[in-house]
1. Using a probe radius of 1.4 Å on heavy atoms only, what accessible surface per residue do you get for the chain? Whole Å² is fine.
2. Whenever you get a sec, line up TYR84, TYR161 from highest to lowest accessible area (probe 1.4 Å, protein heavy atoms).
3. Quick one: with all protein chains in place, what share of the accessible area of segment 165-313 is carbon or sulfur, to the nearest percent (1.4 Å probe)?
4. If you count the DSSP beta bridges with both ends in the chain, what percent of them are antiparallel, to the nearest 5?
5. Normalised by the number of residues in the chain, what is the relative contact order in percent for Cα pairs under 8 Å and 6+ residues apart?
6. First compute the accessible area of segment 20-63 with a 1.4 Å probe, then give the percent of it belonging to carbon and sulfur atoms.
7. Using alpha carbons only, how many angstrom separate the centre of segment 33-69 from the centre of segment 132-185?
8. Putting +1 on Lys and Arg Cβ atoms and -1 on Asp and Glu Cβ atoms, find which of MET229, GLY210, THR300 reaches farthest to the positive end of the dipole of the chain.
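The values are calculated or read from the model by the stated rules, or taken from the named source; none is laboratory data. Because the structure is predicted, anything quoted here is derived from the model rather than measured. In this analysis, Cβ positions are derived from the backbone assuming ideal geometry, glycine residues included, and neighbour counts consider all displayed protein chains. Side chains are part of the model used for accessible areas, which takes the heavy atoms of the whole protein and leaves out ligands, DNA and RNA. Shrake-Rupley method; radii C 1.70, N 1.55, O 1.52, S 1.80 Å.
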Amino acid sequence: MISRKRVLVTGGAGFLGSHLCERLLAAGHDVLCVDNYFTGRRENISGLMGRPNFELMRHDVTFPLYVEVDEIYNFACPASPIHYQFDPVQTTKTSVHGAINMLGLAKRVKARILQASTSEVYGDPTEHPQREEYWGNVNPIGPRACYDEGKRCAETLFFDYHRQHKLRIRVARIFNTYGPRMLPNDGRVVSNFIVQALKNAPITLYGDGGQTRAFCYVDDMVDGLVRLMEAPDTLTGPVNLGNPNEISVRALAERIIALTGSRSRIESKPLPVNDPMQRCPDISMAKRELGWQPTIELETGLERTIEYFRKLM
Ligand code: NAD
Ligand code: UDP
């Protein structure tokens, strides 16, 4: 028996948010999706329109919002470097003013609130793999700072509202996630490589491709996020959510070329400023406290994502 809740998802028309809305509706909840469509699209949620327990609202979270809900997933924020660096001041405002507004809302209606934080709070980490206790290595004035520092400040606000106002908070540190509905032009590595491979165009490898990431399929991620929201209130986090299987960006390129049967060649491009060399989550806490770990193999997830982009193109 599930108890039916009214759930607000900010950034609900985006990549992760739209999958989350679907999952929450399938579990029988009422979902209010709020988005300003900066990187989100109506098509992502077109399958949900018209459902009696789904509501869509155009709204920018940097402005206050007055609604009545039981739970809030705060996902509004562009996540790909191209988009968050397009208007960096707005990115910081979205993270910081957005957090203040959503925390204020949670305080007024006594809702539980979960923040979509990020592995970027660890910056270019000097500890490997990253545990939640690690404080990070972030350049506060670099081109990634609007995102990294914005998300770090949002975490600060979450914990201060928790201590000061006894708010029921959860903070998820999300590591690289991929899957259908990523934007084809958002510059993230999985979508870039798949789109390039399907066009038989050069695969743009930044640096020597020796930098590593660990990629989590979106269904696994959504499962972890929902478990965290449903966990006892004592589990505030931060909790790392991601796939602990690390792979170099070059090996990812080769895997995608093989899976798509592409004729693409790998082309070297300069490494972007402050691009982290290594990133991999330690997910012991999520395993222990949530009984969660990713179950979808990289190959399976990539096949599903390739299928999505094939249809899109
Ligand atoms: P996305 O860009 O697809 O989704 C973000 C959504 O937020 C979009 O629909 C966008 O239109 C909306 N948005 C942006 N600014 C807004 C504002 N001011 N008001 C209202 N809506 C606004 O990105 P995503 O990958 O789905 O990421 C969702 C969340 O998860 C983000 O907070 C991101 O930082 C976090 N995250 C994602 C990843 C990942 O690998 N995908 C990793 C770490 C953290
Ligand atoms: N990357 C790349 N080619 C691309 C896009 C990205 O080699 O066309 C690299 C990028 O430099 C980084 C890694 O892939 O080292 C992951 O990049 P992404 O932007 O997806 O995520 P993040 O850097 O935020 O982890």
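1. Numbers: 13700 Å² over 313 residues.
It amounts to 44 Å² per residue over the chain.
2. TYR161, TYR84
3. Working: 3000 of 6360 Å².
Heavy-atom surface of segment 165-313 belonging to carbon and sulfur, 1.4 Å probe: 47 percent.
4. 10 percent
5. 17 percent
6. Numbers: 1060 of 2140 Å².
The computed percentage sits at 50.
7. Computed from Cα coordinates, the inter-centre distance equals 22 Å.
8. Value: MET229.
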